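Working notes for the structure below.
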Amino acid sequence: MIFPANIAPEARLLLVGRALRAFVDGYVAVLLPAYLLALGFGTWEVGILSTATLLGSALATLALGAWGHRFHHRHLLLAAALLMAATGLIFAGLSSFWPLLLVAFVGTMNPSSGDVSVFLPLEHMRLAEAAQDAARTTLFARYTLIGALCAAFGALAVAVPDWLTNAGFDRLYALRLMFVFYGMVGLAVWLLYLRLPDPPVHARETRPAPLGPSRGIVFKLAALFSVDAFAGGLVVNSLLALWLFERFGLSLAAAGSFFFWAGLLTAFSQIAAPWVAKRIGLLNTMVFTHIPANICLILAAMAPNLEWALTLLLIRSALSQMDVPTRSAFVMAVVTPAERSAAASFTAVPRSLASALSPTLSGVLFAAGWLSAPLVACGVLKIGYDLAIWLAFRRVKPEH
């Protein structure tokens, strides 16, 4: 069950919030390039705006890691939800590039397949307090599973603008309505997180603290994560959708169907991740599911037709995200409880900051006609990251 009866009430609220956010992220990632193209922008501008969203999220997460321990996490989650609401409502009303760029930078828009927002470290910290040891890995897997499932169904919602257009609505107006709905979901998340309880007694006794004893291992992880994140930024969902639009002329509705099935495969892989981790370990699960996924991405870039490309990308989807819950659990397990919030932030920052640099590069390569270069580069870099993190941490044993 996704929401078992014995789950802690706080964890249940966090999982529902993740589900709501994932649903709208699922369609925004695919609609974003279509919306920008409808406004008259080109592939380069799509890359720039994707960079701005990821860069803004990275800086917000960095600030959280440096100063977030001074504030109650409930207040920070409520502030993030209000920012999400403002992002969608304001983005829907803009047409000029520079105001859109500013909102993309400041707001919570997510062009990728995973959660790179400031919500992530805050929710991870509170989830880590709700379970221990193997149960923590299972809870993180459930968190990721819900995100993947809801993002998959969210991808189907990209067909809504087409339905509205066929019903007589202006197409650009129909696209704007989808961003309005994104903002309304932000308000719903805010109302949901108003119900979050105060931290339990044992959590209040272990106050969040800046990095200390675990500083070295966290910095090493952050450096390696930056390589993975930079590579992933080359092929975030918005850019993968753009690649499918530009290379194969895929329609918006067909792209939504593809991302739906890709999301379902990703979700099902989250169910297997804790089972695999119990047998071969967190690190081995992270690495040895990731390498085949990236080989498939490289082969998809060279595929002779749409059918082969989609098949290889779907196989990739079934493997590429199995490292997400295990990676989160690994980070939480190798640091002290007091450092978990800071560790989550400082390991999440490279996944936004480094990935924020690469979408612009992909946009430039697309504009130059090198449509497959970002996919190949992403696969090669990620395989290098997999080998490096396995060599660096294969002897490290999680203790917490």
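The values are calculated or read from the model by the stated rules, or taken from the named source; none is laboratory data. These numbers were taken from a predicted model, which means no experiment stands behind them. All Cβ positions, glycine included, derive from the backbone under ideal geometry; neighbour counts span all protein chains shown.
Below, the figures for the structure above:
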{"item": "Unmet criterion (only one of (1) modelled with pLDDT under 80; (2) buried (at least 22 other Cβ atoms within 10 Å of the Cβ); (3) outside any helix (DSSP H, G or I)) for Met125", "result": "(3)"}
{"item": "Condition check for Ala86: buried (at least 18 other Cβ atoms within 10 Å of the Cβ), touching a Gly at 6+ places or on another chain (Cβ under 9 Å) and at pLDDT 80 or above", "result": "no"}
{"item": "Residue within the range 379-396 that is surrounded by fewer than 23 Cβ atoms within 10 Å (Cβ to Cβ), modelled with pLDDT under 75 and touching a helix residue (DSSP H, G or I) at 6+ places or on another chain (Cβ under 9 Å) present", "result": "yes"}
{"item": "Out of Asn305, Asn284, sole residue that is surrounded by fewer than 24 Cβ atoms within 10 Å (Cβ to Cβ), polar (S, T, N, Q) and at pLDDT below 90", "result": "Asn284"}
{"item": "Helices (runs of 4 or more DSSP H) contained in the range 253-355 and holding at least 3 residues hydrophobic (A, V, I, L, M, F, W, C), touching a residue at least 40 places away in the same chain (Cβ under 8 Å) and over 28 Å from Phe219 (Cα atoms)", "result": "290-301, 306-320"}
{"item": "Single residue of Asp133, Asp170 found to be of a type in the set (D, E, K, R), modelled with pLDDT of 70 or more and surrounded by fewer than 19 Cβ atoms within 10 Å (Cβ to Cβ)", "result": "Asp170"}
{"item": "Flag for Ala267 being in contact with a Leu (Cβ under 9 Å, 6 or more places away or on another chain) and among the small types (Gly, Ala, Ser)", "result": "yes"}
{"item": "Residue among Arg279, Arg247 that is among the charged types (D, E, K, R) and within 28 Å of Ala159 (Cα to Cα)", "result": "Arg247"}
{"item": "Residue in the range 259-281 that is more than 16 Å from the chain's Cα centre (by Cα) and under 16 Å from Val24 (Cα atoms) present", "result": "no"}
{"item": "Residue list for the range 243-255, filter: in contact with an Asp or Glu (Cβ under 9 Å, 6 or more places away or on another chain) and surrounded by 17 or more Cβ atoms within 10 Å (Cβ to Cβ)", "result": "Leu252"}
